[in-house]
Each structure stands twice: as C-alpha cells, then as structure tokens.
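S.K.: Quick one: the structure is below, and I'll ask about it shortly.
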Amino acid sequence: MAQYGNNTQLFNPQEIPDGSGIKVGIAYAQWNSEVTDKLLQGALEVLEQAGLAKENIFRISVPGSYELTAGAQWLYQHHPVDVVICLGCVIQGETRHFDFICHAVATGLNGVTLKFGKPVIFGVLTTDNQQQALERCGGAHGHKGREAALTALQMALLSDDQKNKIGF
Ligand code: DLZ
C-alpha cells in the first residue's frame, strides 16, 4: 500500500484501489490556475486509473480558494457524491490576505465534513511562491492533486467499509 509522507513513490497504478463504484465531487479554484489546472489533471488521472466512469465525477470551478467551501457544500447538496476533493493554491503575498484565506478554507472545509458526515479532501497548496507550488504538482515534491485523489478513494472506501460493518 502507498505510504503517506513520501509521495515520490506513490501512484504505481497497481496500488490504486478499485473506485468503480464511487462517485466523486471535485471543487477547484481558478486563482493560480497554472497550478490548479495541474492539480485537477493529476486528480482526474488517478480517478480514471481507479476505474471511475466520467459520469461519476462531478466538477465545479469556483473563483478562488476562499469559495471552495461553498463549492464543496453545493456538491454534497446537489449531487450523490461519496467524497469531495477540493483543489486550490494560495500563494503568500505582501498582505495578510493569505492568512485569512488559508484559515477560512481549512475551517470551512472541515465544517462541510462535519455538516454532511462525509469526507472533504484538502488539496489546497499554501506556499510562499509559485515555484514551491509547481514543485508540488508534478515536480520535485510529488503531486498533491494525485495524492488528494488517492486519499479520496481511500476515504470513500473506508466509509463504505464502515457502512457494511454496521449493516446499512
Ligand atoms: C484575493 C486572493 C488572493 C490575494 N490570493 C489568492 C490566492 O493566492 N489563491 C486563491 O485561491 N485565491 C486568492 N484570492 C481570491 C480569494 O480566494 C477569493 O476568491 C476572493 O477573496 C473573493 O472572495
């Protein structure tokens, strides 16, 4: 099984679980789209490798990471998804905007998990500059979009397991 904390060795296709029975929502932010497009592409590749049909992937594009919370909430309200992946990239600027956005999206997404009792995967990069972000979506530091998709599959399957154990 893939190891967390060392994602350079992740994503041997043979290690990706069978996700053919899973429905996934993806909310992704348009800010820093040169990064979030790569995160999205990596996540979609993993879901495809897991055997998800295209019609079982529901996407919503939101303006910035701050809006990911609303996107995640709408996905659970309007689509029959088992798990939601949120993809964004917040880059430190000269002002404190970074802190407010990061705090809001982290607490917001956690709130959606608690409200719906279903997993929301935090695929939001929070970096000092664009280079650090690019290194984390297919560069020296792995691929956080692919990693988020794998986490989503694991969480969806885990919650299926839990349902089976307690009989509903
Ligand atoms: C305004 C803003 C800034 C300064 N930086 C980022 C960023 O680095 N990453 C990101 O995803 N979004 C940023 N935004 C936009 C906010 O997330 C949000 O869309 C606006 O504040 C409007 O609510």
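Computed from the coordinates by the stated procedures, all read-outs in this text should not be read as laboratory data. Just so it is clear, the structure is predicted and the values come from calculations on it, not from any experiment. In this analysis, Cβ positions are derived from the backbone assuming ideal geometry, glycine residues included, and neighbour counts consider all displayed protein chains.
S.K.: For the chain, what is the mean residue ellipticity at 222 nm derived from helices alone (per DSSP H run of n ≥ 4: -39500 (n - 2.57); sum divided by total residues; nearest 500 deg cm²/dmol)? Write down the numbers at each step before the final one.
M.R.: Numbers: 5 runs with 77 residues, N = 168.
Only helices count here, giving -15000 deg cm²/dmol.
S.K.: So how tilted is helix 33-49 from the main axis of the chain? Cα-based, degrees 0 to 90, rounded to 10.
M.R.: The angle comes out near 10 degrees.
S.K.: DSSP loop GluC sites (Glu not before Pro) in the stretch 42-108 with at most 15 other Cβ atoms within 10 Å of their Cβ, which ones?
M.R.: Here the sparse-neighbourhood loop sites are E94.
S.K.: Then there's this: Check which residues have an amide H placed less than 5 Å from T126's amide H, if you skip close sequence neighbours.
M.R.: Amide H to amide H, under 5 Å and 5 or more residues apart or across chains, T126 pairs with V90.
S.K.: Next question, about the same structure. Could you state the angle between the C-alpha long axis of helix 68-78 and the longest principal axis of the C-alpha atoms of the chain, as a value from 0 to 90 degrees rounded to the nearest 10?
M.R.: Once rounded, one gets 30 degrees.
S.K.: A follow-up question, please. What residues qualify as long-range amide H neighbours of I121, i.e. H under 5 Å apart, gap of 5 or more or another chain, H built at 1.01 Å from N?
M.R.: The list, which skips near neighbours in sequence, is V84, I85, C86.
S.K.: Additional query: Please state the charge dipole magnitude for the chain, taken about the Cα centre, from unit charges on C-beta atoms (+1 on K and R, -1 on D and E), reported in debye and rounded to the nearest 20.
M.R.: For the chain, the charge dipole is close to 400 debye.
S.K.: Sticking with this one: Quick check on the stretch 77-168: take the gyration tensor over C-alpha atoms, sort the square-rooted eigenvalues as a ≥ b ≥ c, and tell me if it's rounded (a/c under 1.5), prolate or oblate.
M.R.: In terms of gyration-tensor shape, oblate.
S.K.: Related question: Return the distance in nm (one decimal) between the two label points of a simple spin-label model at N129 and F98, each offset 7 Å from Cα along Cα→Cβ.
M.R.: Distance between the two pseudo-spin positions: 1.1 nm.
S.K.: At most 14 other Cβ atoms within 10 Å and a DSSP loop assignment: could you name the trypsin sites (Lys or Arg not before Pro) in the stretch 94-164 that fit?
M.R.: Here the sparse-neighbourhood loop sites are R96.
S.K.: Going by amide H atoms built from the backbone, whose H comes under 5 Å of the H on R59, apart from near neighbours?
M.R.: I26
S.K.: Also, quick follow-up: Work out the charge dipole of the chain with +1 on the Cβ of Lys and Arg and -1 on the Cβ of Asp and Glu about the Cα centre, then indicate which of G138, H97, H79 is farthest towards its positive end.
M.R.: Positive-end residue among those listed: H79.
S.K.: While we're here: Please report the antiparallel percentage of the DSSP beta bridges confined to the chain, to the nearest 5.
M.R.: Looking only at bridges with both residues in the chain, the antiparallel portion is about 10 percent.
S.K.: On to the next question. On a 0 to 90° scale, report how tilted helix 144-166 is relative to the longest principal axis of the chain, with both axes built from alpha carbons and the result rounded to the nearest 10.
M.R.: 30
S.K.: Would you mind putting 26-36, 103-113 in packing order, based on average other-beta-carbon counts within 10 Å, highest first?
M.R.: Top of the packing list down: 26-36, 103-113.
S.K.: Is the C-alpha gyration tensor of the chain telling us rounded, prolate or oblate? Criteria: a/c under 1.5 is rounded; beyond that, a/b larger than b/c is prolate, otherwise oblate.
M.R.: Details: a/c = 1.87, a/b = 1.29, b/c = 1.45.
Here the chain falls in the oblate category.
S.K.: For the chain, what relative contact order do you get, as a whole percent, if you take Cα pairs closer than 8 Å and at least 6 residues apart?
M.R.: 28
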